Amino acid sequence: MRRHRLLFILFIVDVALVFAHIFLRKKLGFFNLDKEGSLKAVYSGFQLLVSGGVAALIAYLLHEKAKRWLWGVTSAGFVYLGLDEMMVIHERIGFVLNRWSGLTGYWGESFNWLLYFTPFIAAALLVYFLLIRMVSKYDRRCAIGILFGAAFFVASIALEVIGGKILGTRWYQTEIIAEEALQLVGESLFLVSFLLLLQKKFYTMYVRRV
């Protein structure tokens, strides 16, 4: 029940951020989902960092080296995503590589990072697959949560690819809302799933032995 309550609260925050973008972005850019340093960027960055911290705790509690390695990589990935959300690292790297490579930008300069980061995105998908397969043997609900979280993340990246092609058109704002909403929901699913796994692992290792 607590898991459902937390997920509901996070979804409410996600919806509130989307509605703030729709109705307030023109009055105050801090609510614009498509701007650096926005409220959404701060919120998402914090949530991703917390997910990375929870994943690190799960890795610490595990004994099997393979599982610890997998959760450790997951933790590092979420910590990077959190920092990236706050500091826009991927776009800054993309601009530098644009100058080095001379790539003019099939999607526009600010979207070329999708090309440069393709190997890392593929590696992340492999990690998600291995993580879901491992977690499914322990808790199917958490595995489903991670699966949907990954699916929403992939969908948001796919929409960003489309966003690079429709930049400047009337459909761009619709794409931004859909893209960022998918990312927000995915982050909430990851965090709740990770917290539930941590709670169960802690209970199994420590509380139940008392």
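The values are calculated or read from the model by the stated rules, or taken from the named source; none is laboratory data. Here the structure is a predicted model, which means the values were calculated and not measured. Virtual Cβ from ideal backbone geometry, glycine too; neighbours counted across all protein chains shown. We work out accessible area using only protein heavy atoms, side chains counted, and drop any ligands, DNA or RNA first. Shrake-Rupley method; radii C 1.70, N 1.55, O 1.52, S 1.80 Å.
Do we have GLN183 as closer than 28 Å to SER38 by Cα and in contact with a helix residue (DSSP H, G or I) (Cβ under 7 Å, 6 or more places away or on another chain) here?
yes
Restricted to the range 90-147, and to residues there that are in a helix (DSSP H, G or I) and among the polar types (S, T, N, Q), the residue that is modelled with the highest pLDDT is SER136. Taken together, the residues in the range 56-69 that are outside any helix (DSSP H, G or I) and without any contact (Cβ under 8 Å) to a residue 24 or more places away in the chain amount to 2. A Cβ distance below 9 Å, combined with a sequence gap of six or more or placement on separate chains, defines the contacts here; from the range 129-141, residues that are of a type in the set (Asp, Glu) reach residues that are open to solvent by 40 Å² or more (accessible area, probe 1.4 Å) in the pairs ASP139/LYS200. Here is the figure for the range 157-175: residues that are touching a Gly at 6+ places or on another chain (Cβ under 7 Å) and either open to solvent by less than 50 Å² (accessible area, probe 1.4 Å) or under 24 Å from GLN47 (Cα atoms) (or both) total 3. The set of residues in the range 133-155 being more than 13 Å from SER188 (Cα to Cα) and open to solvent by less than 30 Å² (accessible area, probe 1.4 Å) consists of VAL135, ASP139, ALA143. In this structure, LEU184 does not satisfy being aliphatic (A, V, I, L, M) and out of contact with any Lys or Arg (no Cβ under 8 Å at 6 or more places or on another chain). Could you tell me whether LEU33 is of a type outside the set (Val, Ile, Thr) and either part of a helix (DSSP H, G or I) or open to solvent by 20 Å² or more (accessible area, probe 1.4 Å) (or both)? Against the criterion (of a type outside the set (Val, Ile, Thr) and either part of a helix (DSSP H, G or I) or open to solvent by 20 Å² or more (accessible area, probe 1.4 Å) (or both)), LEU33 does not qualify.
How many residues does the range 37-53 contain that are open to solvent by less than 10 Å² (accessible area, probe 1.4 Å) and of a type in the set (A, V, I, L, M)?
2
Can we say GLU85 is surrounded by fewer than 18 Cβ atoms within 10 Å (Cβ to Cβ) and of a type in the set (D, E, K, R)? No; evaluated as a whole, the condition is false for this residue. Taken together, GLY45, GLY53, GLY72 contain a single residue that is closer than 21 Å to LEU182 by Cβ, assigned to a helix (DSSP H, G or I) and modelled with pLDDT of 90 or more, which is GLY45. Pairs linking a residue in the range 145-160 that is within 18 Å of LEU10 (Cα to Cα) to a residue that is in a helix (DSSP H, G or I) and hydroxyl-bearing (Ser, Thr, Tyr), with Cβ atoms under 6 Å and 6 or more positions apart or on different chains, are GLY145/SER193; ILE146/SER193; ALA150/TYR128.
Taking the criterion of being in a helix (DSSP H, G or I) and of a type in the set (Ser, Thr, Tyr), the residues of the range 164-197 that qualify are TYR172, THR174, SER188, SER193.
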